[in-house]
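Each remark here refers to the structure printed beneath this line.
FYI, it's all coordinate maths here, none of it is from the lab. For clarity, every value in this text was computed on a predicted model and none was experimentally measured. Cβ: placed from backbone, ideal geometry, glycine included. Neighbour counts: every protein chain shown.
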Amino acid sequence: MIESVDRRVDIAVALGLIVICAIALFGTRDLPPGTFEPLGSAPVPQATAAIIIALCTIVIARASRRPHANSRAPDGVIAGKDDSDKANAGRAVITVLLTIGYIAAIHMRLATFAVLTTVYLVLTIGWLSRFKPHLLPAIAATALIVGFGCQFIFTRVFIVDLPGL
């Protein structure tokens, strides 16, 4: 497992996600009941938020027990630092921008949920894997299965209205 450069970053990101999930929990408390099933549309985002909060709590607990990343190694080198930190930060920024673009595209209803999700996954997974040619068929297959599979499951099984055309 790859250790994070700084445990404070892990804790800050986890706390940020907990805040976002708490807002989602608060925002879904008054959703009306569904017309096709008795639960309504609130349980799925509430369960998702609860799972993310639980996982973030685990991340915080593990990060709290790790030594600081800037503690000195025996040879005097700062532990956990390498030349790829800037490259990884750049990859993270691009991934966040792709995610914001995906959300904006869904909000503007530029295409169906399945198409937008498939494109987003191809771009994001491809970007994170550095668009290695031998991985592209698996990336495309995964994106198609997830994008169109989620649309099918949400619209046919869970009867959820998805954004899109």
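Key figures for this structure:
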quantity	calculated
Hz values of 3J(HN,Hα) by residue in the range 117-129 - Karplus curve (6.51, -1.76, 1.60), Gly and Pro given as x	5, 4, 4, 4, 5, 4, 5, 5, 5, x, 4, 5, 9
Cut-off 12 Å between beta-carbons: net charge of the residues surrounding Ser64, Lys and Arg +1, Asp and Glu -1	+4
Sorted peptide list for 57-67, 18-28, criterion being average Cβ within 10 angstrom, highest first	18-28, 57-67
